[in-house]
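The values are calculated or read from the model by the stated rules, or taken from the named source; none is laboratory data. All of these numbers come straight from a predicted model, not from anything done at the bench. Note that each Cβ is placed from the backbone with ideal geometry, even for glycine, and that neighbours are counted across all protein chains shown. For accessibility, only protein heavy atoms count, side chains too; no ligands or nucleic acids. Shrake-Rupley method; radii C 1.70, N 1.55, O 1.52, S 1.80 Å.
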There are 2 protein chains.
Amino acid sequence: MKIAICQANPIVGDLKGNQSKILAGYRRGVDENVDLIIFPELFLCGYPPLDLVEKKEFRNAVRKASEEIAERTGQTGLIFGSITEDYEDKIGTGVYNSALLCYNGGIRFIQSKTLIPNYDVFDEVRYFESAKEINVFGFKDERLGISICEDIWNDADYWKHRRYTLDPIQKLVDEGSTILINISASPYAYGKRKQKREMLSVLTRNDNLPLVYACCVGAQSDLIFDGGSMCFNSNGGLDLLGKPFEEDFLIYDTKGRYNLVPEVESPFPEEALKGLILGLKDYAGKTGFKKALVGLSGGIDSAIVTFIAVEALGARNVDVVMMPSKFSSPGSIKDSEKLIQNLGISSHNITIQPVVDETLELLKPVFNGMKEDTTEENLQSRLRGIYLMAISNKLGYLLCTTGNKSEIATGYATLYGDMCGALAVIGDVYKTQIYEIADFINRDKKIIPQEIIDKAPSAELRPNQTDQDSLPPYDLLDRVLKMYLEEQKEYEEISKSVGDPFLVKKILRLVDKNEFKRKQAAPILRISTKAFGYGRRYPIVQRWRN
Amino acid sequence: MKIAICQANPIVGDLKGNQSKILAGYRRGVDENVDLIIFPELFLCGYPPLDLVEKKEFRNAVRKASEEIAERTGQTGLIFGSITEDYEDKIGTGVYNSALLCYNGGIRFIQSKTLIPNYDVFDEVRYFESAKEINVFGFKDERLGISICEDIWNDADYWKHRRYTLDPIQKLVDEGSTILINISASPYAYGKRKQKREMLSVLTRNDNLPLVYACCVGAQSDLIFDGGSMCFNSNGGLDLLGKPFEEDFLIYDTKGRYNLVPEVESPFPEEALKGLILGLKDYAGKTGFKKALVGLSGGIDSAIVTFIAVEALGARNVDVVMMPSKFSSPGSIKDSEKLIQNLGISSHNITIQPVVDETLELLKPVFNGMKEDTTEENLQSRLRGIYLMAISNKLGYLLCTTGNKSEIATGYATLYGDMCGALAVIGDVYKTQIYEIADFINRDKKIIPQEIIDKAPSAELRPNQTDQDSLPPYDLLDRVLKMYLEEQKEYEEISKSVGDPFLVKKILRLVDKNEFKRKQAAPILRISTKAFGYGRRYPIVQRWRN
């Protein structure tokens, strides 16, 4: 059977636009003489639709759009993800996350999702019931075993610890499927594509069936979907791979012969960079922003964010602001100007010092001779935030925040200061990873000036300040953070591995007590298995200490 | 049987503190010669523990603390909510939300929660498996039918639309319970206590069994738990009611005779006010803040927040800042001063005008002759935010935001400006409700000056501005918002009811498109069935339009 995967980029809630993409993909498939065209999970409404699913008017509009699509199908099959409803059922939500198989003008078969994920960024039990039935459907000469995303993540042969008792894929195999199809919308994390390949290779080899795995691409708020759709033969070999971080249209002949795909993932810096560029591009594009604004400090974080903005929106759509104070090193401006020149972007230079001085003068009666502390540091950062927001408001720019994951984790950031902005572009990237990305950007040509890479990280909010005055060295810090956050290890295990229980405790404490700042952070583009934001729900007011 | 309910206030994660409260309550019950002492759901770890549950070290500490408590019991029974684990089970989380019945030095019986709520603010499927068994347990001369919170919210006799197929209470009744016990941690919303009474009255009458319903009290971040534990006789009569919004210790004799409780709820303003006072008091107390700070504008919102702060923390722990600009009406300061005097609190008066002028001067080259717009308005609000945050940082005050639900819904608020603060005290209170609360506060004595109540609401960010320049009249706006948010009605239904489709569309659009601001809002104390925050998950980037 010839099957096309439309690895396309939907917009959450944009039923008209997503419908058009489905119809255009269908026409292209028909032109290419395929038997079946497949779109990813919940493509028609975009994923994740979140509480839109709770709106009846929304669900009705999705149903209407689904029917309109089905009406326009001919002999060629079309599978796309949509929401369906059981209006008879008076218990539970009655709402399903479904794959609709359409041809000859109608919806001919519906398979709903059986395993409903409810961990990390997934809240699907909030909206969807589990499928009541799992069936194979005969289409042309094949018996299609259709499943949705999570359904394929519970293989007893692959997982040591399973989340669910049911294995819907086993059921499809037992019912005599000749081709497995999975439609998916699985958010990106570095390393996950490789894991998918391994898992699905085991599955297809053991079940001796080909698998067509259609993935979503594009970013929806903080979640990035990386494409990378996969077609496996019945020996577990990966025959085709969709482009990562781009729309793609793949045609797979389940009877064809292919050279196996060697690698599915590039090294971290390349993957992360592509993901973040797509993340920013889609956030801007889908919210209607043409231009982005970055506060350029002379440090490496804002340099990388600026580079990402230029790649996402084009040099002429990126504007930067330098806002020196009396604590800014002379190098800060010079290095920034070099970067501005390398990238060919426009810039502004506004001092904050007179306003800092005036504000502190006015506050004197309240401060009443109390000595300087972080208040004065935060104040500078917040005044910079005011400038950036004013320019963003006046000129309609999307303001990008420049905090990295190490800072956001430890609270080394000023609320309403450097945390101002619509999107935290590198908020899921550790400081040590920022350097890896910088080296990758500079692989052929010095784009990020070496001075910016070499200088000791500093917030420049007091004389001769460096990050290491307040934080442990970044390589150690990031190691601890990664174990704590992504690997979900805890105090004892981390201490044993790192060897400094006191320091480990201090770091975990910083992470835990700064939850109040993260509550008010901009959405953070997610590129790891555990990003701050939606997928990590930590109480703000709490007293647990390891 | 004589049963004591300890309606106590735990702190999330404070295992030592919560353990002490359990032991103290147990001793008191023993002294009072009761047979059984009951604490609410997950009392030992505090509710909701959120992702703390995913930490093995946390779960182990909870287990250890549970065992320590059990060891200290004698003949008198003790039931408390805790986390348990099935270490054998290799599928799913293996973690349970359980009621532990302890006596004679050990945990004698465990009943875990069967119905796992996963809607609105509840994410329990993320953490907990459903109980594998539902059993009645014989204790002294009775057969106890123990359930946990949600278990009792699925009565087929009461609900037209049920969430779950299973009815654990029916099972307990069928198994021959002689007393029903439910331990609960159900967040407050106005009207819910009345609903609970109705529902549980139907249930106890139909099942012909007494019910002891132990509720939690206290606020955990944004969620307020209102106490109001209930004891029903087997005729459906409410014999006892725990104090609302306070700790309480109730003793109920299931064979005793009581005068029925007439009313369970006070009118809205009184209930809301008590809830918000508790919310702020616990947020401050549990995070270690002694003092609160409010920016006093001369409007009614900041006046009410200041009153709440005074009630929560005491007049000498509340400080306000007046920050007039050239657009502030002379009345603003005069009215504020009257309030300050009425409340007996300290205050500061700092003009923002010189800094506004200086900042705009410095921005001139960037703004390049563009005309004034909301940028200049936002800038004033943000500068006020900087003053407030500086004072909060320097003096260690908890900054309260003063935005109401009508403003937060429509985005009539400045991000990083008046939205600065640790807690949105009245963020779940509509503007029209704010007036009701003001009248209630003034019921005996004019505390909120009449001038503040009477003046037209205004942000005072441009000359002669009033809220109604940008927003529909508040009574209409709030009616639409309430239908849209709490009642989950949608465009067509609201238009039919309100009669102005164009205006309704405009309002819903304002709500939807301002999600990005709410993403970065402070936690909002919840007093309605649908507050902004954790219980409402709306995509930021989306294009659905009604």
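Of the residues making up the stretch B:183-202, those that are crowded, with 16+ Cβ neighbours inside 10 Å and either within 21 Å of the chain's Cα centre (by Cα) or within 14 Å of another protein chain (Cβ to nearest Cβ) (or both) are B:Ile183, B:Ser184, B:Ala185, B:Ser186, B:Pro187, B:Tyr188, B:Ala189, B:Tyr190, B:Lys192, B:Arg193, B:Lys196, B:Arg197. Inspection of the stretch B:399-406 identifies at least one residue that is within 13 Å of another protein chain (Cβ to nearest Cβ) and either modelled with pLDDT of 95 or more or surrounded by fewer than 24 Cβ atoms within 10 Å (Cβ to Cβ) (or both). Just one of (1) open to solvent by less than 40 Å² (accessible area, probe 1.4 Å); (2) on the phi > 0 side of the Ramachandran plot; (3) modelled with pLDDT under 95 fails for A:Gly499. It is (1).
Counting only residues that are in contact with a strand residue (DSSP E or B) (Cβ under 7 Å, 6 or more places away or on another chain), part of a loop (DSSP other than H, G, I, E, B) and surrounded by 14 or more Cβ atoms within 10 Å (Cβ to Cβ), which one in the stretch B:167-179 is farthest from the other protein chains (Cβ to nearest Cβ)? The residue in question is B:Thr178. Filtering the stretch A:526-541 to residues that are at negative phi and either without any contact (Cβ under 8 Å) to a residue 12 or more places away in the chain or within 12 Å of chain B (Cβ to nearest Cβ) (or both) leaves A:Lys530, A:Phe532, A:Tyr534, A:Gly535, A:Arg536, A:Arg537, A:Tyr538, A:Pro539, A:Ile540, A:Val541.
Filter the stretch A:246-272 down to the residues that are under 26 Å from A:Lys21 (Cβ atoms) and either open to solvent by less than 20 Å² (accessible area, probe 1.4 Å) or within 14 Å of chain B (Cβ to nearest Cβ) (or both) and list them by number. A:Leu250, A:Tyr252, A:Val264, A:Glu271, listed by residue number. Residues of the stretch B:385-409 that are within 15 Å of A:Thr375 (Cα to Cα) and of a type in the set (Lys, Arg): B:Lys394 alone. Listed by first and then second residue, the pairs with beta-carbon distance under 9 Å, at least 6 apart or on different chains, first residue in the stretch A:181-198 and within 22 Å of A:Asn97 (Cβ to Cβ), second basic (Lys, Arg) and part of a loop (DSSP other than H, G, I, E, B), are A:Pro187/A:Arg526; A:Tyr188/A:Arg526; A:Ala189/A:Arg526; A:Ala189/A:Lys530. Within the stretch A:371-396, the set of residues being surrounded by fewer than 23 Cβ atoms within 10 Å (Cβ to Cβ) and either under 22 Å from the mean Cα position of the chain (by Cα) or within 19 Å of B:Lys519 (Cβ to Cβ) (or both) comprises A:Asn393 only. Taking only the stretch B:323-340 into account, find how many residues are over 24 Å from B:Leu273 (Cα atoms) and either surrounded by fewer than 16 Cβ atoms within 10 Å (Cβ to Cβ) or of a type in the set (A, V, I, L, M, F, W, C) (or both). Of the residues in the stretch B:323-340, 8 are over 24 Å from B:Leu273 (Cα atoms) and either surrounded by fewer than 16 Cβ atoms within 10 Å (Cβ to Cβ) or of a type in the set (A, V, I, L, M, F, W, C) (or both). Taken over the stretch A:147-166, residues that are open to solvent by less than 10 Å² (accessible area, probe 1.4 Å) and of a type in the set (Gly, Ala, Ser) amount to 1. Considering (1) more than 30 Å from B:Glu372 (Cβ to Cβ); (2) of a type outside the set (D, E, K, R); (3) within 14 Å of chain A (Cβ to nearest Cβ), the lone condition that B:Ala521 does not fulfil carries the number (1).
Once the stretch B:353-391 is narrowed to residues that are of a type in the set (Gly, Ala, Ser) and under 19 Å from A:Ser392 (Cα atoms), the residue that is nearest to the other protein chains (Cβ to nearest Cβ) is B:Gly385.
Here B:Tyr491 passes the criteria (1) within 12 Å of another protein chain (Cβ to nearest Cβ); (2) under 25 Å from A:Glu124 (Cβ atoms); (3) open to solvent by 20 Å² or more (accessible area, probe 1.4 Å) except the one numbered (2). Note on the stretch B:88-120: among residues that are within 11 Å of another protein chain (Cβ to nearest Cβ) and under 25 Å from A:Pro539 (Cβ atoms), the one that is surrounded by the most Cβ atoms within 10 Å (Cβ to Cβ) is B:Ile116.
When we screen B:Leu471, B:Leu477, B:Leu508, B:Leu481 for residues that are open to solvent by less than 20 Å² (accessible area, probe 1.4 Å) and either within 8 Å of chain A (Cβ to nearest Cβ) or not in a helix (DSSP H, G or I) (or both), the only hit is B:Leu471. Scanning the stretch B:12-31 for residues that are under 24 Å from A:Val541 (Cα atoms) and not β-branched (Val, Ile, Thr) returns B:Gly13, B:Asp14, B:Leu15, B:Lys16, B:Gly17, B:Asn18, B:Gln19, B:Ser20, B:Lys21, B:Leu23, B:Ala24, B:Gly25. The single residue among B:Val305, B:Val320 that is open to solvent by less than 10 Å² (accessible area, probe 1.4 Å), more than 11 Å from every other protein chain (Cβ to nearest Cβ) and either over 22 Å from B:Ile426 (Cα atoms) or touching a Cys at 6+ places or on another chain (Cβ under 9 Å) (or both) turns out to be B:Val305. Within the stretch B:9-50, which residues are surrounded by fewer than 19 Cβ atoms within 10 Å (Cβ to Cβ) and either under 30 Å from A:Phe532 (Cα atoms) or facing chain A (nearest Cβ under 10 Å) (or both)? Matches in the stretch B:9-50: B:Lys16, B:Gly17. For B:Asn349, the requirement of being farther than 21 Å from B:Tyr283 by Cα, within 10 Å of chain A (Cβ to nearest Cβ) and touching a strand residue (DSSP E or B) at 6+ places or on another chain (Cβ under 6 Å) is met.
Taken over the stretch A:129-140, the criterion of being open to solvent by 10 Å² or more (accessible area, probe 1.4 Å) and either within 26 Å of A:Asp51 (Cα to Cα) or in contact (Cβ under 8 Å) with a residue 24 or more places away in the chain (or both) is satisfied by A:Glu129, A:Ser130, A:Ala131, A:Lys132, A:Glu133, A:Ile134, A:Asn135, A:Val136, A:Phe137, A:Lys140. Note on the stretch B:378-468: enclosed helices (runs of 4 or more DSSP H) holding 2 or more residues that are among the hydroxyl-bearing types (Ser, Thr, Tyr) are B:405-410, B:431-441. The set of residues from the stretch B:274-293 being farther than 18 Å from B:Ile527 by Cα and either basic (Lys, Arg) or in a loop (DSSP other than H, G, I, E, B) (or both) comprises B:Lys286, B:Gly288, B:Phe289, B:Lys290, B:Lys291. Just one of the listed residues (B:Gly13, B:Gly81, B:Gly29, B:Gly94) is at positive phi, in contact with a Leu (Cβ under 9 Å, 6 or more places away or on another chain) and touching a residue at least 24 places away in the same chain (Cβ under 8 Å), namely B:Gly13. Taking the conditions (1) β-branched (Val, Ile, Thr); (2) touching a strand residue (DSSP E or B) at 6+ places or on another chain (Cβ under 7 Å); (3) more than 27 Å from B:Asp222 (Cα to Cα) in turn, B:Ile452 satisfies each one other than (2).
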